[in-house]
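J.: Please see the structure below; I have some questions.
The values are calculated or read from the model by the stated rules, or taken from the named source; none is laboratory data. Quantities reported herein were computed from a predicted structural model and do not represent experimental measurements. Using ideal geometry, Cβ is built from the backbone for each residue, glycine included, and neighbour counts are taken over all protein chains shown.
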Amino acid sequence: MQLTNPINRYGVTPQFLHWLTVILVLTAWTLGTFGDDLPKGAARDAGLFVHISAGLLILTALIMRLAWRVVEPPPPPEPNEFGRWLGAFADPAARLAHYTLYALLIAAPIAGIVAQFARGNALPLLDSPRYRHPGYAIEPLPIM
Ligand code: HEM
């Protein structure tokens, strides 16, 4: 099992982070879209907790993937029919699509974090008044 990237394909680490992100995005999207259909109370609260935790893990995995790209440059694109058809546009088009997906993976959780703070709520993984947006803190922040 090769953790680092072999010459012409991604290694186990970026593949793991990629598929983890796929599962987390599906989880976050499903709970974001259908979470309100859960019965009010513990079930709905748990749904939102998992939704937010998945979103925060997506951000974490993304940071790890970007760091991995710096340490281990990705393999070159494989020649394929689509690439031959697009000619010189294939590379920039693939790059643009890739970076757009990265931007969306940042934008969705950041929008969620802003929504959470705007409601005066803490992030559940860091459930302490210390991590609430100071403008909305209900209890005074402890003096260090
Ligand atoms: C890629 C990650 C994420 C995706 C795809 C996603 C997707 C969604 C979707 C589709 C909705 C429903 C919007 C609507 O009904 O109009 C939603 C709602 C929401 N999201 Fe996310 N979200 C993500 C990450 C986060 C994160 C990181 C947080 C908080 C830290 C968050 C907090 C919320 C909140 C508070 C709501 C409103 C829930 C309610 O109805 O009360 N989301 N999200």
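J.: How about the stretch 6-24: which of its residues are out of contact with any helix residue (DSSP H, G or I) (no Cβ under 6 Å at 6 or more places or on another chain) and either of a type in the set (Phe, Trp, Tyr) or within 9 Å of the ligand (Cβ to nearest atom) (or both)?
T.: Once the filter is applied, which keeps residues that are out of contact with any helix residue (DSSP H, G or I) (no Cβ under 6 Å at 6 or more places or on another chain) and either of a type in the set (Phe, Trp, Tyr) or within 9 Å of the ligand (Cβ to nearest atom) (or both), the stretch 6-24 yields TYR10, PHE16, TRP19.
J.: Does the stretch 90-109 hold any residues that are within 16 Å of the ligand (Cβ to nearest atom) and in contact with a helix residue (DSSP H, G or I) (Cβ under 8 Å, 6 or more places away or on another chain), and which are they?
T.: TYR102, LEU105, ILE106, ALA108, PRO109
J.: Tell me, yes or no, whether the stretch 25-45 has at least one residue that is farther than 22 Å from LEU104 by Cα, in contact with a Leu (Cβ under 8 Å, 6 or more places away or on another chain), within 14 Å of the ligand (Cβ to nearest atom) and at pLDDT below 95. Full working, then the answer.
T.: Just the residues of the stretch 25-45 that are farther than 22 Å from LEU104 by Cα, to begin with: 36-45.
Then drop every residue that is not in contact with a Leu (Cβ under 8 Å, 6 or more places away or on another chain), which leaves 44.
Imposing the further condition that a residue be within 14 Å of the ligand (Cβ to nearest atom) reduces the set to 44.
Retained after the next criterion (residues that are at pLDDT below 95): 44.
Yes, because at least one residue in the stretch 25-45 is farther than 22 Å from LEU104 by Cα, in contact with a Leu (Cβ under 8 Å, 6 or more places away or on another chain), within 14 Å of the ligand (Cβ to nearest atom) and at pLDDT below 95.
J.: Which numbered condition trips up LEU56, out of (1) surrounded by 14 or more Cβ atoms within 10 Å (Cβ to Cβ); (2) modelled with pLDDT of 90 or more; (3) more than 16 Å from the ligand (Cβ to nearest atom)?
T.: (3) is the only condition that LEU56 fails.
J.: Considering every residue within the stretch 66-89, establish whether at least one is within 16 Å of the ligand (Cβ to nearest atom), at pLDDT 95 or above and under 12 Å from the mean Cα position of the chain (by Cα). Let's see the steps before the verdict.
T.: Let us first name the residues in the stretch 66-89 that are within 16 Å of the ligand (Cβ to nearest atom), namely 66.
Add one more test, that the residue is at pLDDT 95 or above, and what stays is none.
Scanning the stretch 66-89 turns up no residue that is within 16 Å of the ligand (Cβ to nearest atom), at pLDDT 95 or above and under 12 Å from the mean Cα position of the chain (by Cα).
J.: With respect to ALA88, is the statement that it is hydrophobic (A, V, I, L, M, F, W, C), within 18 Å of PRO124 (Cα to Cα) and exposed (fewer than 11 other Cβ atoms within 10 Å of the Cβ) true? Steps first, answer last, please.
T.: Working: hydrophobic (A, V, I, L, M, F, W, C): yes; within 18 Å of PRO124 (Cα to Cα): no; exposed (fewer than 11 other Cβ atoms within 10 Å of the Cβ): yes.
So ALA88 does not fit the description; no.
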